[in-house]
1. Quick one: which residues, 5+ away or cross-chain, put their amide H under 5 Å from the amide H of V314? H built at 1.01 Å from N.
2. On full extension of the chain, what length is gained from K135 through K213, given 0.36 nm per residue of separation minus the C-alpha to C-alpha distance?
3. With a 1.4 Å probe and all protein chains kept in place, how do E156, E233, E257 rank by accessible area, largest first?
4. Please list the non-local residues whose amide H lies under 5 Å from the amide H of A383, H modeled 1.01 Å from N, same-chain partners needing a gap of 5 or more.
5. Hey, what do the phi angles of the stretch 310-317 turn into as Karplus ³J(HN,Hα) couplings, whole Hz, using 6.51/-1.76/1.60 and θ = phi - 60°, x for Gly and Pro?
6. Taking 0.36 nm per intervening residue step and subtracting the Cα-Cα distance, what contour gain separates A33 from K258 on full extension?
7. Please report the equivalent ellipsoid semi-axes of the stretch 203-333, computed as sqrt(5 x eigenvalue) of the Cα gyration tensor, largest first, in whole Å.
8. Lys/Arg Cβ at +1, Asp/Glu Cβ at -1, dipole of the stretch 30-102 taken about the Cα centre: which of G63, V44, I74 is farthest positive-ward?
Amino acid sequence: MNTELNTENTAALPESGFAALGITGNLLKATIASGFAEPKPIQVKAIPPHLAGRDIIAIAQTGSGKTAAFSLPILTKIIAIGAKRLPKTARALILAPTRELAVQIEDTIKVLAKGLHISTALVLGGVSRNSQVKKMQPGVDILIATPGRLTDLVREGEVKLNETRWLVLDEADRMLDMGFINDVRRLSKATHPERQTALYSATMPDEIAELAKTLLRNPVRVEAAPPATTVVEIKQGLVIARVKQKRQVLSGMLADEKMKSVIVFSRTKHGADRVTRDLERDGFNAAVIHGNKSQNARQKALNDFREGSVRILVATDIAARGIDVPGISHVVNYDLPDEPESYVHRIGRTGRNGADGVAITLCDPAEFSKLRAVERITRMKIAVLADHTDQPDPAVNKNEPREAPYRDPRSQPRQENGNRNHKGGGNRSAQGKPGGGAPAGERKPFRGKRRGFGSKPATRAA
Ligand code: AMP
């Protein structure tokens, strides 16, 4: 490793916000070369205290630039040490909840550390462990791992964490949701007692705050954006449809080719498979990604979607977490997530880096309480684009008595706020067609009542 990188003269480099944050030498060059001209807010806030050796607790979402926020200081320190690596050890450990996110983190680090002779390894479940064990044999600078497989390899003595002086817990709230929290605790305890720790989380449930108290020492708290705010560039709309109608509504929407690159979210793995099957039967080419798929199948689905050879990716929340595919034009929520925070993560897959994005949620009347929870945390009301519930249901046997047509109870103006009227549009009324490509009104299968697209949130949560 080149130990002189840090002290290199950087006077010839263009003035960069990263230099002002303390990133220097070839790492600064590589950062700028990778297209990161100016630091993002989370980077401005997190890099200086991280470089100063402080523990960090950061509230930041995927898309905020958090990977560079924790990677650049760690790379700086590893370059500065430049000592020999010990077998089976890792100088830095980044724990991530999903395989996809771990792969993405490694990709980012490789770009930022290009030409700096930094070694990285991935330890993930779902793929052969032998190559991982082999990769860890000489020791690495940065290990990126999911907690389950790493726990196994540490237990078997194939990985040693006693030399790990930098620990990052990325998307800690998701690791909690996925039941990894005890593994995270155990792995953290196995690292060097003098380690520096950074915990990144999109939300801060009590359990994560508790975890932070036990694992972090006098941390600096930084925040990229308030938790559970929606991105202003994303236009959001609601389509009310019964569960039985959703397949037809979705296929009708996707007939619009302006929906160029679409993620369809399903709450369950089984549901994701069913939606994919139905889409294929309806003549669409769709890939699916969820936790029961092999690592190779997941990576292939993601690559096909990223490269544009499939237009539609059906995903569960867990699998989609952290996916950063540029240019996703639309997010469709086939159903509402159990946790309202997931809605914010889902729709955040579109509208990246200032691009326009559209998020459409299909909502059965039975899901109304979940919708209200979403509206509470985002502090905005999602405008109704269409209501299919008073349409004849084609899936229902004509001889069976039909259910009474659904009436949106929220169409009654609320006493404390007369504007809360979905059907009338209220003060968020029509702004033309949704996102220049969301469901077009006249298409046949999409024949519910057309409403205005409530585009941007009226307020951004403070
Ligand atoms: P992340 O939140 O780390 O997944 O980053 C989201 C996206 O922002 C990724 O595509 C990064 O490559 C990109 N990114 C991160 N930091 C910067 C920056 N300072 N300038 C431009 N792009 C960035």
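1. Correct list: V264, A287, V288, I289.
2. Working: separation 78, 0.36 × 78 = 28.08 nm, distance 3.33 nm.
This chain segment gains 24.8 nm when fully extended.
3. On the way: E156 95, E233 60, E257 150 Å².
Largest to smallest exposure gives the sequence E257, E156, E233.
4. Answer set, sorted by chain and number: L238, G454.
5. 10, 8, 10, 10, 9, 9, 8, 4
6. On the way: separation 225, 0.36 × 225 = 81.00 nm, distance 3.32 nm.
Gain in length upon complete extension: 77.7 nm.
7. Numbers: eigenvalues 202, 63, 47 Å².
So the equivalent ellipsoid measures 32, 18, 15 Å along its semi-axes.
8. I74
The values are calculated or read from the model by the stated rules, or taken from the named source; none is laboratory data. What you see is a predicted model; the values in this text were computed from it and never measured. As a convention, Cβ positions derive from the backbone with ideal geometry for all residues, glycine included, and neighbour counts pool all protein chains shown. The protein model used for the area step is the full one, side chains on, heavy atoms only, and it has no ligands, DNA or RNA in it. Shrake-Rupley method; radii C 1.70, N 1.55, O 1.52, S 1.80 Å.
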